[in-house]
Amino acid sequence: MKRFVWTLILPFLFAACAPPEEKKEAAPAPPPAPAAKAYGTLAQVMRAIPFPNSNKIFDTQTNDPEAKKDDGKGSGKGGALDQYSGLYGGWQGIESSAVAISETANLLLIPGRKCENGMPVPVEQENFRKWAAGLAAAGEAAYKAALMKNQDAMVEASGVVSDACLACHEVYRDQPAGKQRCVP
């Protein structure tokens, strides 16, 4: 009987003498994602990102991104592919340019960005948002064509990019007076 009592008591004694369980602290909450912020005007963004990158895409219509250069400094034709054929040149560079075109659509819609004339970018306008989405789709089309490494496919993709740019430019950029830019 004593043995039976000890088998009942011993587990409780061990439990009572055991060190207390450490409380595990909850993992700290991750920091909040940075809020989107406009750093440049619409004109600065357009000149910095879609302008040079669309020119590389357009250049593939007549210049093969993988063509060997005679002198190692470029073909001498002065196209955008020569000008921007650095470390990530060739078709990989064209793929990157297409991604830049698509990503530009996100940048265009950041609230608070101003046009060159100081007016706010019309991000609330339905047609502006539609054309920004068209720019993203045009970049995707150019990316798919670049993956094919086919200049004929790039001719078609270049047309899609050009049309996407033109749709917005006709209304918001190509105004006779610069003060009317960003005014539908």
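Only the coordinates and a few stated rules stand behind these numbers; no lab work does. Predicted model only: the values in this text are computed from it and were never measured. As a convention, Cβ positions derive from the backbone with ideal geometry for all residues, glycine included, and neighbour counts pool all protein chains shown.
Brief remarks follow.
- For segment 116-136, the count of residues that are over 17 Å from the mean Cα position of the chain (by Cα), surrounded by 20 or more Cβ atoms within 10 Å (Cβ to Cβ) and assigned to a helix (DSSP H, G or I) is zero.
- Every residue from segment 158-176 that is polar (S, T, N, Q) and outside any helix (DSSP H, G or I): Q175
- Where a residue in segment 45-58 is without any contact (Cβ under 8 Å) to a residue 60 or more places away in the chain and closer than 13 Å to H169 by Cβ and its partner, wherever it lies, is crowded, with 20+ Cβ neighbours inside 10 Å and not aliphatic (A, V, I, L, M), with Cβ under 9 Å and at least six apart: M46/T104
- P111 in contact (Cβ under 8 Å) with a residue 40 or more places away in the chain, out of contact with any helix residue (DSSP H, G or I) (no Cβ under 9 Å at 6 or more places or on another chain) and either surrounded by fewer than 16 Cβ atoms within 10 Å (Cβ to Cβ) or not in a helix (DSSP H, G or I) (or both): yes
- Each residue in segment 158-175 was checked for being free of Cβ contacts under 8 Å to residues at least 40 places away in the same chain and either of a type in the set (V, I, T) or closer than 20 Å to L109 by Cβ (or both), and 8 of them qualify.
- When residues of segment 147-157 are limited to those that are in contact (Cβ under 8 Å) with a residue 60 or more places away in the chain and in a helix (DSSP H, G or I), the one surrounded by the fewest Cβ atoms within 10 Å (Cβ to Cβ): V155
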